[in-house]
1. Name the one entry in Ala479, Ala432 that is open to solvent by less than 20 Å² (accessible area, probe 1.4 Å) and free of Cβ contacts under 8 Å to residues at least 24 places away in the same chain.
2. Find the residue count for the stretch 402-424, including only residues that are without any contact (Cβ under 8 Å) to a residue 60 or more places away in the chain, more than 14 Å from the ligand (Cβ to nearest atom) and over 16 Å from Met345 (Cβ atoms).
3. Restricting attention to the stretch 96-119, which residues are touching a Gly at 6+ places or on another chain (Cβ under 9 Å) and either part of a loop (DSSP other than H, G, I, E, B) or closer than 18 Å to Thr149 by Cβ (or both)?
4. Condition first: surrounded by fewer than 11 Cβ atoms within 10 Å (Cβ to Cβ) and small (Gly, Ala, Ser). Now tell me which residues in the stretch 376-391 satisfy that.
5. Just a yes or no: is a residue in the stretch 230-250 in contact (Cβ under 8 Å) with a residue 60 or more places away in the chain, more than 21 Å from the chain's Cα centre (by Cα) and within 19 Å of Glu42 (Cβ to Cβ)?
6. Say whether the condition of being small (Gly, Ala, Ser), surrounded by fewer than 20 Cβ atoms within 10 Å (Cβ to Cβ) and either without any contact (Cβ under 8 Å) to a residue 24 or more places away in the chain or in a strand (DSSP E or B) (or both) is met by at least one residue in the stretch 270-277.
7. Looking only at residues in the stretch 352-385 that are within 13 Å of the ligand (Cβ to nearest atom) and at positive phi, which one is nearest to the chain's Cα centre (by Cα)?
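The values are calculated or read from the model by the stated rules, or taken from the named source; none is laboratory data. Just so it is clear, the structure is predicted and the values come from calculations on it, not from any experiment. Because the Cβ atoms are built from the backbone with ideal geometry, glycine has one as well, and the counts that use them run over all protein chains shown. Side chains are part of the model used for accessible areas, which takes the heavy atoms of the whole protein and leaves out ligands, DNA and RNA. Shrake-Rupley method; radii C 1.70, N 1.55, O 1.52, S 1.80 Å.
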Amino acid sequence: MARSAYADTFANDNLPPPEQWPELIFDLPGLQYGERLNCVVELLDRMTATGHGHRPALHGLKESWTYAELQDRVDRIARVLREDMRLVPGNRVLLRGDNNPMMAACILAVWKAGCIAVPTMPLLRAKELTVIMNKARVNATLCSANLRTEIEAALGDASLRGPVVYFHHDGPDALESLMRLKPPGFAAVDTAAEDVCLIAFTSGTTGTPKGTMHFHRDILAACDCFPKYTLQASSDDVFIGTPPLAFTFGLGGLLLFPMRVGASTVLLEKLSPASLLEAIQHFGATVCFTAPTFYRKMTPLVPGYRLSTLKKTVSAGEALPVATREQWRQASGIDMIDGIGSTEMLHIFISASGDEIRPGATGKPVPGYRACVLDEEGLPVGPGVVGRLAVKGPTGCRYLADQRQRNYVANGWNVTGDAYEMDADGYFRFHARTDDMIISAGYNIAGPEVEDALLKHPAVAECGVVGFPDDTRGEIVKAYVVLNAGFQPSAALVSELQEYVKQAIAPYKYPRAIDFRESLPRTGTGKLQRFLLRTPEFAQSTSSAQSAQSAPRAGMLEMK
Ligand code: 3UK
């Protein structure tokens, strides 16, 4: 391994032992990287060096920066980190901000300064931040002033976690003020390709969050697979979307991928389905990244906007129901690019675009990756058998000091925890998260398949299907349903929905129980919280759909 540039060896010291790493594959010509690599040199400095500096890079609510302007900000922040905050290469910097140009500049500056970014979701509370700070042994924090309350609560005795600098305010100690005092220019630290630059925490529904460690090389490798081969992005593209930069789905889709091809990206916070459509129209966006439920909510609003620039829409985070794909296509004329990615793999590794799309399947391994389905013994199974999805490629899982590394990596394969099936043509079809499979009277039933069927019914806006304890069957299939405007909960509607599912899929899968709700619990990254749907508390909570019709629906990725 090439010499690390890090004076602080914490990250390298806490990598899993080499025998627990996944196998890494670099068999594409575009994935041959040198031993020394700072990804910001490739993503930013190279753009200005090749005459691209005048082109737009980031658009925010109030400002737009060219590549040259972004580079100037990044260099000044890097100086503040090294010269004022006294950080050394290898130190961890906790980052906290909504999606906006300053947050993006901070992430890039941390990398350019040879430090390690630890981005955190804006919705996290002090308790969760403390866990992250302790696990990643954070040395300093850059935080947007509007999010300072939880940081202050988490820091407690601030001296323990090093200096904290706030941006988006105008005091003399603000990051902006410190930046103004700096001379321009900063030479990127000469990091090794295998120096860790990102510790991305999983949104972990259970247990303590896991820190996934990614190298400078991983950042480029993610850019050189999905965006290049599947998305086929170009420098004229204008990216937009909702996932937070602290979630690798958003970091890649809304910052790294556009920069890798010299495109521009729109970074806006607190987007709603209507304001995202408005922003697509206003900025002339061509590529959109968000999660299935957000597309579902945008679909009925599409006719109110001029979206002629929009060419490609990417859906990830959870399975894309066929009904959502069809309705989106009818409304927008665009064939959705579904893709499965994970924090561990950094980004999307199975997907399809254009003529390769097959509704109901996620797609095929993205060039650079390979995938297979494993049985209980860890052996690959043939087409048509449901088993555990396993992938490998140029990126892979390395948890920061975590025993659970052994659960994710087996025999060099990354095992994502998803139940998948490969068909005879090599397309991968999602069934459920492995631990979300419902077992009813001896049958294995995948909740998402039942959700797919229900979502095609005009009354159904959202739904979540889980197993519910039952004395005779072990579990029964239970559906929580959010109704579209104009539909009321009733016993007749329950029977109608049950009948509807029985007509669409094998009748034994129909939901024996249906409960109407005003909204369903989701994570900040847009995932349905199925584990909450399974709790007795949720089952017993009065259906707000019947008692309080006016309660607002919880917005997916609407950071409110
Ligand atoms: C699920 C999907 C079916 C699947 C992510 C794109 O979601 C991301 O990362 P997370 O670590 O979760 C990973 C898990 O989410 N999933 C994601 N996409 C799909 N299931 N179809 C899909 N298209 O269970 C996976 O194991 O939060 C997604 C890019 C970067 C990401 N981090």
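1. Testing whether each residue is open to solvent by less than 20 Å² (accessible area, probe 1.4 Å) and free of Cβ contacts under 8 Å to residues at least 24 places away in the same chain leaves just Ala432.
2. Looking only at that region, the number is 4.
3. Of everything in the stretch 96-119, those that are touching a Gly at 6+ places or on another chain (Cβ under 9 Å) and either part of a loop (DSSP other than H, G, I, E, B) or closer than 18 Å to Thr149 by Cβ (or both) turn out to be Asn99, Asn100, Met103, Gly114, Cys115.
4. Within the stretch 376-391, Gly382 is the sole residue that qualifies.
5. yes
6. yes
7. Looking at the filtered set, the residue picked out is Gly363.
Each row is one residue, and each column tells you yes or no for (1) open to solvent by 10 Å² or more (accessible area, probe 1.4 Å); (2) more than 13 Å from the ligand (Cβ to nearest atom).
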{"residue": "Cys197", "(1), (2)": "no, yes"}
{"residue": "Leu220", "(1), (2)": "no, yes"}
{"residue": "Phe247", "(1), (2)": "yes, no"}
{"residue": "Leu256", "(1), (2)": "no, no"}
{"residue": "Thr290", "(1), (2)": "no, no"}
